[in-house]
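Presented below is the structure to which this report refers.
The values are calculated or read from the model by the stated rules, or taken from the named source; none is laboratory data. Here the structure is a predicted model, which is why all the values come from computation and not from measurement. We place every Cβ from the backbone using ideal geometry, glycine too, and count neighbours over all the protein chains shown.
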Amino acid sequence: MMDQQEKMHDLIGVGIGPFNLSLSALLDEIEDVSKVFFEQKEQFNWHPGMLIEGTKMQVPFIADLVTMADPTNKYSFLNYISKNDRMYQFYFLQRLDIPRREYNDYCQWVANQLESCRFNHRVTDIRHIKDNGEYFEVAVHDLAKDETSVYRARNLVMGTGSVPVMPKSFRGLPKQDVFHTADFLPNQERCRAANSVTVVGSGQSAAETFRELLKEQRDCGFRLDWITRSAGFASMEESKLSLEHFSPDYVNYFYQLPQHQKEEIFANQGLYYKGISNHTINDIYNLLYEYSIGQEELQVGLQVLSEVRDIQPKNEGNGYELTCYHWQKKEEFTHESDIVIAATGYKPYVPDFVHHLEDFLEWDDDGRYKVTSDYRLKKQKTTENEIYVHSGISHTHGVGSTNLGLSVHRNKVIINHLLGREVYPLPKQSIFQSFTV
């Protein structure tokens, strides 16, 4: 039997990643908003399998949960530093970027202070109700108590994030041998004990995983390979004017374009968000150079232009045989490895219960959300109840949709619409260049 909660909330959030955590923090001191956010994990954890020591955030610390809206907010990163008595250490660090592990710790510090954030609670269903008014019913399972309650809200915000993508040929194999970079740290000890390890893919996660393995390769004695179908291990476009693509101005410009043009532009913007940071490439090359001194042959290989088409267990002994295809030379070859790590990206996570709203929402021909410019899902029905959205909007809002530097701006837009007033002013022009005429 489900417990029916009587209170009507103004907003219920589904998922607590950085975007919804930012929204919760910004709403915390606004007294006339009743809100609650649910997350099935036991605590906030941002890509825990990739919290490798030495990895850095790709945005400056000012892109925290609140500063871009209100630098005086108590949930700012600088206040976190101050409250943890680390101000002078951070001052002497003299860096805009911060360790990824520290960003995760900062977010946990914020989440632990927010009463509106309920962890260990899984949303299992959402229905739109017309009964003495219109609202959403949200079924939430308390995983600790093994109890389900139904909450009511006038509006929702979806922050369900993304999930790892594994190619078909990688699936169904032992997870301790063939796994995604998202699971790297839990399997690192297994890699150390292997005779050979292969990383497949060439984005930032692939590079960070390869760099970490490369640091240990000589001591542990395993053969290390890195295979990508890309033409090279391309560095991310990080020049300052290129970074202006991650601005409200560019988002607004991109949104107005016809959908077919959006698809074409987005397909050619990979190096704005998919490439490898320059400092990571430099680290890898420096290690390779150091290791090559006095060595006839490194037990390390970097193979480009090669697509992994299949993985099968070896006929004899341990390990796997990878069927690869060099697409320029049009030649097939095989590669053997004990461990295979897939750095094959992520896709937006659309929970099953969203399909209960299929007749309520509008969908495009590819089965994706239709989204308004101010981050509301378009509806088939006329109602004042809104569903705001953070994930699965790259096709409408472009390259900056998952960028943390735009999370606060998006939440300013959402809050202003939710409250029907300008709580947070929006910038009229935030960059030097113009994308339109």
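Some observations on this one:
- Failed item in (1) over 20 Å from the mean Cα position of the chain (by Cα); (2) over 22 Å from Ala207 (Cα atoms); (3) touching a residue at least 40 places away in the same chain (Cβ under 8 Å), with Gln261 passing the rest: (3)
- If you check Ser373, Ser391, Ser401 for being in the same structural domain as Val14 (by TED's automatic domain parsing) and touching a Gly at 6+ places or on another chain (Cβ under 6 Å), only one passes: Ser391.
- Any hit, the range 323-330, residues being buried (at least 16 other Cβ atoms within 10 Å of the Cβ) and within 23 Å of Met166 (Cβ to Cβ): yes
- Those strands (runs of 3 or more DSSP E) of the range 81-166 in which 1 or more residues are in contact (Cβ under 8 Å) with a residue 40 or more places away in the chain and more than 25 Å from Ala25 (Cβ to Cβ) occupy 121-130, 134-142, 147-153, 162-164.
- Only one of the listed residues (Glu290, Glu238, Glu208, Glu264) is in contact with a helix residue (DSSP H, G or I) (Cβ under 7 Å, 6 or more places away or on another chain) and surrounded by fewer than 17 Cβ atoms within 10 Å (Cβ to Cβ). That residue is Glu238.
- Exactly one residue out of Asn416, Asn411 is out of contact with any Cys (no Cβ under 9 Å at 6 or more places or on another chain), under 15 Å from Asn155 (Cβ atoms), surrounded by 15 or more Cβ atoms within 10 Å (Cβ to Cβ) and free of Cβ contacts under 8 Å to residues at least 12 places away in the same chain, and it is Asn416.
- Residues that are of a type in the set (A, V, I, L, M, F, W, C) and part of a helix (DSSP H, G or I) were ranked within the range 392-420; the one that is farthest from Leu243 (Cα to Cα) is Leu419.
- Flag if Lys41 is more than 18 Å from Ile98 (Cα to Cα), within 16 Å of the chain's Cα centre (by Cα) and outside any helix (DSSP H, G or I): yes
- Contact annotation: no residue pair with Cβ atoms under 6 Å, 6 or more positions apart or on different chains, pairs a residue in the range 378-397 that is free of Cβ contacts under 8 Å to residues at least 12 places away in the same chain with a partner that is in a loop (DSSP other than H, G, I, E, B) and aliphatic (A, V, I, L, M).
- Of all residues in the range 110-131, those satisfying the criterion of being under 20 Å from the mean Cα position of the chain (by Cα), of a type outside the set (A, V, I, L, M) and surrounded by 18 or more Cβ atoms within 10 Å (Cβ to Cβ) are Cys117, Phe119.
- When Ala206 is tested against (1) under 21 Å from the mean Cα position of the chain (by Cα); (2) small (Gly, Ala, Ser); (3) more than 27 Å from Lys329 (Cβ to Cβ), only condition (3) is not met.
- Restricting attention to the range 167-187, the residues that are under 21 Å from the mean Cα position of the chain (by Cα) and farther than 20 Å from Ile52 by Cα total 1.
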